[in-house]
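For reference, the structure discussed in these notes is given below.
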Amino acid sequence: MTEAPLRNIGRPDRRIDAGEKVSGRAVYTTDIDLPGMLHAKVLRSPHGHARIVSIDASAARAMPGVHAVLTRDETAAIPMPVYGYFIKDQPIVATDKVRYEGDIVAAVAAEDEGTANRALAAIRVEYEPQPVVTDLERASDPDAAELFEEPPVGIVPKYGQGASGELRPRRNVCYRFSYETGPADAFDECDHVFEDVFRFSRMHHFHLEPFVCVADWSRKDRIELWTSCQNPFPLRKEIARIFGLAENRIAVRVPYIGGGFGSKNGCKTEPVALALSRLAGRPVRFCLTLEEGFLTNTQHAAILKVKTGVMQDGMLVARKSEILLDSGAYSDGSPLVAEKAGYRIPGPYRYRRIETDCYCVMTNTAPAGPFRGFGGTQTSWACESQIDMIAHRLGIDPYDMRRKNLIDLGEPFVPGESGMDSDLRAGLDLVVRELGYRRRGGLEDDGPVKRGMGLAIGFKDGGGVNKPALARVKVSTGGDIFLQCGTAEIGQGAHTALSAVVAERLGADRSRVRYMPVDTDHTPFDQGTNASSAISVMGQAVDRAALAARAQILDFAAGVLDCPAEELDLADWEIRRGNEAHPLAPMIMGHFGGTGWEFVGEGFHKAENSHAAPLEAPCVFWEIGWGGAQVAVDTETGLVTVEKLFVTGDAGRAIHPLVCRGQDEGAALMGLSQALFERMIYDGSRLVNGDALTYRVPLADDLPEDFRSVTQEQGHGPGPFGAKGMGEGGMLPVASAIANAIHDAVGVRITELPLSPERVLAALAAKDGG
Amino acid sequence: MYEVAQAGLIAASYRDVPPFPVIAPASVDEAVAAMADAEAPVPYAGGTDLCGAVRAGKPIGTLIWLKRLDDLRGVRIEDGALSVGALTTHAEGAASDATAAVPGLPEAWSKLGKMRIRLSGTAGGNLMARHTRYEMSILLTALGGTAHFASAAGEAGLTPAEISDRAEPPRSLLTRLSIPLAAGLRLDYDRSLRPLMTQALALWSDDAGRDRGRAVIATEYLRPFAIELDLAGTDAKAIAAAAFDALPAGFADPASGNAWLRRAGAAVLARQLVRMEAARA
Amino acid sequence: MPDRLDPRFDLSFTLNGAPVETATTTATALADLLREGCGGRGTRLACERAVCGACTVLVDGVPRASCSVFAFEVEGCAVQMIEGLENDGELSPVQAAFADNSAFQCGYCTAGMILLTEALLARDPDPDEAAIRDWISSNICRCTGYSLILEAVRDAARRKRETAP
Ligand SMILES: Cc1cc2nc3c(=O)[nH]c(=O)nc-3n(C[C@H](O)[C@H](O)[C@H](O)COP(=O)(O)OP(=O)(O)OC[C@H]3O[C@@H](n4cnc5c(N)ncnc54)[C@H](O)[C@@H]3O)c2cc1C
Ligand code: FES
Ligand code: FES
């Protein structure tokens, strides 16, 4: 390989989806329209928890324009009409009970949405309301109502050193993940032990493209499905299991996805649409409203109890944590989030002893699932708040406290894990410089408005658990490149970055690469577009596929030119040998005939299994988000204004700098809004603000005056050209950095999100009062 | 955004609405006649809210499209009052020279919604949407304004609170808002805590030349609450504290509670008083 | 616009500069007319209640949420949607600025943001920072964190000024 300067890597040129997206031509699942397509709508439970006594859908069935009605009567004929990740507990439509306000009770497919809704209004359901469970801490009380009297089918995956899991460890808890390492008596040696409790609010993903699919099961032995879904292959497997159809009878296609942030994993709209399509014998489009999105998937609210043992000099020794995740009414991705939250709660620090239990608590609220940060947002909130709290208690600067305990570059996070692949101190020092943290003593107050600064380091393992990926690169006679892999373009820029890697390896311009549509019939297997894994995991598979194609091309040319392949290089679809250039097209046709040929390279990647690693395979890369904030706190109203927000991630190598920047800034703004205002407000089992007007998401004028990000390129990533994943890190440090800044400004500590004016003012009043 | 049918929640959509007749009257008289005669008439102005209301289950019998009623557009000074046509958009209203007759009103009005909404949303639609989170009723309450309705039964003037109570005559059209231009009338509107809370303060002199003031506190979920101020003292903080002692305990927002509203409201009011004093000086 | 429209009627307006005549109903939202009937699918729907602005189109130059505009309202008007901005396959300066600044991720808000920017720059070719934020705050983008969008708007203003006759 030559040392020529890279032509596709690190350049802020137009993304490959730019033309389609700025011209309106990009196709999303919402745009799919099939001949004869019907429209589905669903009836949802008005009760948080109730037994279904009877359902009478006869009037709906008789309505003109209605082609199928789905109730528990119909799903009874489906082989396994329940779904979920580890635990199959969510029915396609409710059977014996409804478990949250919004639970699906019945569905209709009709000529248009209006007809479907009118038919739903004609369905009669008799409910017998049950007491609701909404309080995380009381859900396991002996007198609490039970969401599931009978255990649903579930599995506990194989865990490695120190980790364990359990189904239904106690009442209304569907899963527990635990981890421990180090000597059990480590707390005994500590000079101080501090125990603090943190509360984390719940957001909705608020992806603009709704949950949507178009399902065609009009022919008995063939399913065609277009869906806004991040993991088409696991979805195919789940559909095959639910409906008892072979996987090679099911094609799942994923057009552009209009945002997901974690929500678009696993079954969402698909089972209802498929069941209706089978009943109606026609394709069915099922597009949720944005309001229904709130009732479909959310982030996990959480209570985190963190007990940390330290030495007088600030050295961390031991941490014991208990995390309660509000999983809502169905398990969805909760057990996976519990693994990650339980695993990430120590943060990027060195301890002798770690002990964690994380519980998925079922409540009569919307199901919670994967959300950008995947448990890491919850744990970074608690961990990074507590580090500051401990520093203050010990009279140490929070910066020094962090520096003292951060894991070194190359040092394993815990025994059996991979080494840290970022210089954590370098990132922290960058924040300190950019923010002017050392000069914060000189910040001027403004009457009742006080200023302060805070730091935080968000931390998560990236690249998924034990995640395999496969990619294929084909090159035609004329040098046109086809990239086939299962990473969906959900906005993160993966198609651009992966295409750049292929082009680079084949000595071509990126414009020669076409990223082929994701279709499980043709695309090689992939576990899913999640966990910031596109570059770090799929990138390695794609890189290998490109190198394999390149090797074939060079071998072929070496045969034709009768020389060792090592003497040859590939650039602009010519074989270069010293000063000679041999165009490939004539060479190929000379050998394969005038119809030409395609070179096909395949690449595979999976982290090695290892029982020494707690999650059975060492982490692919560590996703770090360093952040710092300057706030102004109005001590008379409690209003917190974030004046400066700085975040930085380590891309390892930024394949596309603007894509990296966009990921960090988008994530940071989500973190900011969670810190200050954005949350789902529940009143018992009722969601109070589940619509676009009252659920507040950040707008452009919510940006801090000074909002910046820097993409570090430390070069230690496992991906092509040293790249690491991006996309979640920028969110992780924001809330705690702001809480730390508030403490710096006014000396009060808020341990519950959001950091709303009434909480700040109440804390100030409590401080003054005592 | 849900219609709670007998058996549960249905995600309503504008696509549920069957087609309806549309009437586009050319004059207010025609509009009033249409409101009186048409089947289940629904007035339609900028449309920024109606679509949401339809999704929440509002039926449309006949749509009365107000677009041609140019008489109801614009801000004027008439008979010692500021007269705001119901169809005045937020963008037009905030930019109108007449609006400047109440110092502080242009600034306040220019903050209602973002540009896309301000270019289409109207003052009348804002009031008639009867959403606690919409702000025209806050400003109007503070300024002691009246909303004027026309119907086949004649004219009627209502306070914003009466509009919230749906006390306007049936089948009536909001034509204009009027704000009496009391001596020295001026406004300060503090939105820095929105959506948790916003607060308007109006000051003026009454006929006897006494300083008068009214503070209006509002939240996303509660109707605006007006407090008549006792301006006898000179200390802004004391005036504000006394005013907020009057805030009933029942004025408690689901998002923020009562205690915070009292304290933050008083703090904001004290600043508003100081700010307005400084502006006058 | 006649005084009275029947539930089903014929509508005529210009779409991206070309005349359109089509039968529709009074209850039809402009967004659905454009997406299902005569425009294209570049106008995207998300909240369907005037909040997010993903469905923004220009009606006589005014940015409006087409989910919340009845089709009948555009009788005789000029409607501009994202599909009409390209000139002979060339991106408009605003589109080009969005493309070059990577001012999008998932792209779902992008058509609305671009049209909003077109409307802003038609009114004010040299908007200050406050005006840009005020306008862009009209619409929601959940992906980008807005910074790159704001840069694209500034860049678009520059490009338009430079190419202006
Ligand atoms: C995203 C978004 C953000 C917003 N932000 C704000 C904000 O920050 N502050 C704020 O105050 N408001 C805000 N609003 C509300 C906005 O100001 C109102 O929607 C707007 O003023 C309504 O006016 P319209 O002409 O569009 O009403 P329409 O939608 O046309 O009508 C609204 C209601 O009023 C009735 N109506 C309209 N005109 C009359 C009349 N003349 N007589 C009788 N009835 C009538 C209609 O029948 C309908 O029920 C926001 C709205 C949206 C969608
Ligand atoms: S879809 Fe029209 S504004 Fe959101
Ligand atoms: S790019 Fe996804 S919403 Fe803006």
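The values are calculated or read from the model by the stated rules, or taken from the named source; none is laboratory data. For clarity, every value in this text was computed on a predicted model and none was experimentally measured. Cβ sites come from the backbone with ideal geometry, for glycine too, and all protein chains shown count toward neighbours.
A few comments on the model shown:
- Restricting attention to segment C:99-138, the residues that are of a type in the set (Gly, Ala, Ser), under 18 Å from A:Gly259 (Cβ atoms) and assigned to a helix (DSSP H, G or I) total 2.
- Whichever residue in segment C:17-26 is in contact with a helix residue (DSSP H, G or I) (Cβ under 6 Å, 6 or more places away or on another chain) and polar (S, T, N, Q) and, among such residues, is nearest to the other protein chains (Cβ to nearest Cβ): C:Thr26
- Within segment B:258-277, the set of residues being more than 23 Å from B:Leu105 (Cβ to Cβ) and more than 11 Å from chain A (Cβ to nearest Cβ) is empty.
- Residues that are among the polar types (S, T, N, Q) and over 13 Å from C:Leu116 (Cβ atoms) were ranked within segment C:50-94; the one that is surrounded by the fewest Cβ atoms within 10 Å (Cβ to Cβ) is C:Asn87.
- All of B:Leu193, B:Leu222, B:Leu187, B:Leu231 fail the test of being in the same structural domain as B:Ala252 (by TED's automatic domain parsing), touching a helix residue (DSSP H, G or I) at 6+ places or on another chain (Cβ under 7 Å), within 19 Å of B:Leu261 (Cβ to Cβ) and not in a helix (DSSP H, G or I), apart from B:Leu193.
- Qualifying positions in segment A:686-730 - among the β-branched types (Val, Ile, Thr) and facing another protein chain (nearest Cβ under 8 Å): A:Val688, A:Thr694, A:Val697
- Qualifying helices (runs of 4 or more DSSP H) (wholly inside segment A:328-439; at least 3 residues being over 16 Å from A:Pro733 (Cα atoms)): A:334-344, A:376-394, A:398-405
- Segment C:1-39: number of residues that are under 16 Å from the mean Cα position of the chain (by Cα) and either under 14 Å from C:Gly112 (Cα atoms) or within 16 Å of ligand 2 (Cβ to nearest atom) (or both): 8
- Residue in segment A:522-541 that is under 13 Å from A:Val473 (Cβ atoms) and in a strand (DSSP E or B) present: no
- Spans of strands (runs of 3 or more DSSP E) in segment A:17-123 with at least 1 residues within 14 Å of chain C (Cβ to nearest Cβ): A:38-44
Table: residues versus (1) surrounded by 16 or more Cβ atoms within 10 Å (Cβ to Cβ); (2) more than 30 Å from A:Phe721 (Cα to Cα).
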site: A:Ile9; (1), (2): yes, no
site: A:Arg15; (1), (2): yes, no
site: A:Tyr28; (1), (2): yes, yes
site: A:Asp33; (1), (2): no, yes
site: A:Leu38; (1), (2): yes, yes
site: A:Lys41; (1), (2): yes, yes
site: A:Ser45; (1), (2): yes, yes
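- Within segment B:101-128, being surrounded by 19 or more Cβ atoms within 10 Å (Cβ to Cβ), within 10 Å of ligand 1 (Cβ to nearest atom) and within 24 Å of A:Asn689 (Cα to Cα) holds for B:Leu112, B:Gly113, B:Lys114, B:Arg116, B:Ile117, B:Arg118, B:Gly121, B:Gly125, B:Asn126, B:Leu127, B:Met128.
- Sole exception among (1) surrounded by fewer than 20 Cβ atoms within 10 Å (Cβ to Cβ); (2) not in a loop (DSSP other than H, G, I, E, B) for B:Pro170, by number: (2)
- Checked across segment C:124-145, the condition of being buried (at least 21 other Cβ atoms within 10 Å of the Cβ), among the basic types (Lys, Arg) and away from ligand 3 (no atom under 16 Å from the Cβ) holds for no residue.
- Every listed requirement among (1) outside the structural domain of A:Thr289 (by TED's automatic domain parsing); (2) crowded, with 22+ Cβ neighbours inside 10 Å; (3) of a type outside the set (A, V, I, L, M, F, W, C) is met by A:Glu166 save one, (2).
- Selection status of C:Cys106, within 11 Å of chain A (Cβ to nearest Cβ), in contact (Cβ under 8 Å) with a residue 40 or more places away in the chain and over 10 Å from the mean Cα position of the chain (by Cα): no
- Hey, C:Arg64 modelled with pLDDT under 95 and either under 24 Å from A:Leu290 (Cβ atoms) or not assigned by TED's automatic domain parsing to the domain that holds C:Leu148 (or both) or not: no
- Within the set C:Glu21, C:Glu118, C:Glu73, the sole residue that is on the phi < 0 side of the Ramachandran plot, in contact (Cβ under 8 Å) with a residue 40 or more places away in the chain and outside the structural domain of C:Arg159 (by TED's automatic domain parsing) turns out to be C:Glu73.
- Test: residue in segment A:471-493 that is within 22 Å of the chain's Cα centre (by Cα), at positive phi, crowded, with 24+ Cβ neighbours inside 10 Å and in the same structural domain as A:Met589 (by TED's automatic domain parsing): yes
- Residue within segment A:130-149 that is in a loop (DSSP other than H, G, I, E, B) and within 14 Å of another protein chain (Cβ to nearest Cβ) present: no
- Residue list for segment C:138-159, restricted to those being without any contact (Cβ under 8 Å) to a residue 60 or more places away in the chain and within 16 Å of ligand 2 (Cβ to nearest atom): C:Cys141, C:Arg142, C:Cys143
- Qualifying positions in segment C:123-165 - within 16 Å of ligand 1 (Cβ to nearest atom) and within 17 Å of the chain's Cα centre (by Cα): C:Asp134, C:Trp135, C:Ile136, C:Ser137, C:Ser138, C:Asn139, C:Ile140, C:Cys141
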